[in-house]
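Asks: Structure in C-alpha cells, see below.
Derivation of every value follows stated rules applied to the coordinates shown; laboratory data play no part. Please read these numbers as outputs of a predicted model, since none were measured by experiment. FYI the Cβ positions are ideal-geometry reconstructions off the backbone, even for glycines, and counts take in every protein chain you see.
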C-alpha cells in the first residue's frame, strides 16, 4: 500500500498533537485553577454552533471569545487568553515528529488536514513550527469547509493535483476516516490502540 501513496495528510489534534485523552482536551484540566473561571460555564457559551462557524472561517475566534467575556463580565486581556489557550493545547507527538523527518527524505509529500480556525492554524504553523514540517496546512478555517464533508477532501486533492487513491489520511475520528474512504482515499484510524502499529508501518517507507 505504502508504495502507492504520494501524499500523507496528517490530522492535527489527536494525531500530531497529543492533546486529547479519553475524548477530553488536556488543557481543560487546569483551566479553572489557572483562570478562576468555571469550565462548564465557559464551554456552554463557547462550544456551540457558533464555534462551528469559527471552524469554517465565518466567525473569528476572538469575536466569539469577546461575546463570552461580555456575558461573563470577564475583563482580562482576550489576546492573552487566546495565547494561554493555544499554549496549553500544544502537545506535539515527538515520535511522530521524528517519523515526519524520516518521511521527508522519501518521495512522499506531507500535509496537515485539520479542522481548525484561522487563528489557531497560524499558531500551529508559526509558533509550533509545523509550517516548516509539511508542504502546506489545509485547515477548515481557510477552506470554508470541515471534515467529514466530502468537499474538504475534494479541495485537497484538487489543490495538490493528486488522485484520491494516492492520498493517505491519518486521523483519529472514525467519521473522517469513513468519509475519506468514501472519496477514494486510503486512510488509517489513529487511536491509542493503533498508534504504535501505524508508526511502525509508516516508518517502513
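Asks: For residue 3 and residue 58 in the same chain, what is the full-extension length gain: residue separation times 0.36 nm, less their Cα-Cα distance, in nm?
Replies: 15.9 nm
Asks: Something else about it: Using alpha carbon centroids, what distance separates segment 51-67 and segment 1-37, in Å?
Replies: Segment 51-67 and segment 1-37 have Cα centres separated by 20 Å.
Asks: Could you order peptides 79-86, 183-190, 51-58 by the average number of other Cβ atoms within 10 Å of their residues, highest first?
Replies: Ranking, from highest mean packing down: 183-190, 51-58, 79-86.
Asks: Taking the 0 to 90 degree range and rounding to the nearest ten, how far is the long axis of helix 94-103 tilted relative to the main principal axis of the chain, both from C-alpha atoms?
Replies: Between helix and principal axis, roughly 40 degrees.
Asks: Rounded to the nearest 10 degrees, what's the angle between the helix 78-88 long axis and the longest principal axis of the chain, both from Cα atoms, 0 to 90?
Replies: Rounded to the nearest ten degrees, it is 40.
Asks: Once you keep just the Cα pairs under 8 angstrom separated by 6 or more residues, what percentage relative contact order results for segment 24-88?
Replies: Once divided by the residue count of segment 24-88, the mean separation gives 28 percent.
Asks: Could I ask something else about it? If each residue of separation counts as 0.36 nm, what is the full-extension length gain between residue 178 and residue 191 once their alpha-carbon separation is subtracted?
Replies: Between residue 178 and residue 191, full extension yields 3.2 nm more.
Asks: Along the principal axes of its C-alpha atoms, what lengths does segment 1-126 span, in descending order and rounded to whole Å?
Replies: 56, 30, 25
Asks: Another question, if that's okay. Which ordering of 191, 114, 121 is given by a fewest-first count of other beta-carbon atoms within 10 Å?
Replies: 191, 121, 114
Asks: A further question follows. Which distance in nm do the two modelled labels at residue 46 and residue 20 give, with both placed 7 Å along the Cα-to-Cβ direction?
Replies: Spacing of the two 7 Å Cα→Cβ label points: 1.7 nm.
Asks: Of the listed peptides 105-111, 135-141, what is their order by residue-averaged count of other C-beta atoms within 10 Å, with the highest listed first? Intermediate values should be presented prior to the final figure.
Replies: Numbers: 105-111: 14.7, 135-141: 20.1.
Most protected by this proxy first, the peptides run 135-141, 105-111.
Asks: In the chain, what percentage of the DSSP-assigned beta bridges are antiparallel, given to the nearest 5?
Replies: Percent antiparallel among DSSP bridges in the chain is about 15.
Asks: What shape does segment 106-205 take by its C-alpha gyration tensor, where a ≥ b ≥ c are the square roots of the eigenvalues and a/c under 1.5 counts as rounded, a/b above b/c as prolate, and the rest as oblate?
Replies: rounded
Asks: Let me ask something else about it. Once the Cα atoms of helix 61-72 and of the chain are each reduced to a long axis, what angle between those two axes, in degrees from 0 to 90 to the nearest 10, is obtained?
Replies: 30
Asks: Right, another one. Put a dot 7 Å past each Cα toward the Cβ at residue 78 and residue 165; how far apart are the dots in nm?
Replies: That separation, rounded to one decimal, is 5.0 nm.
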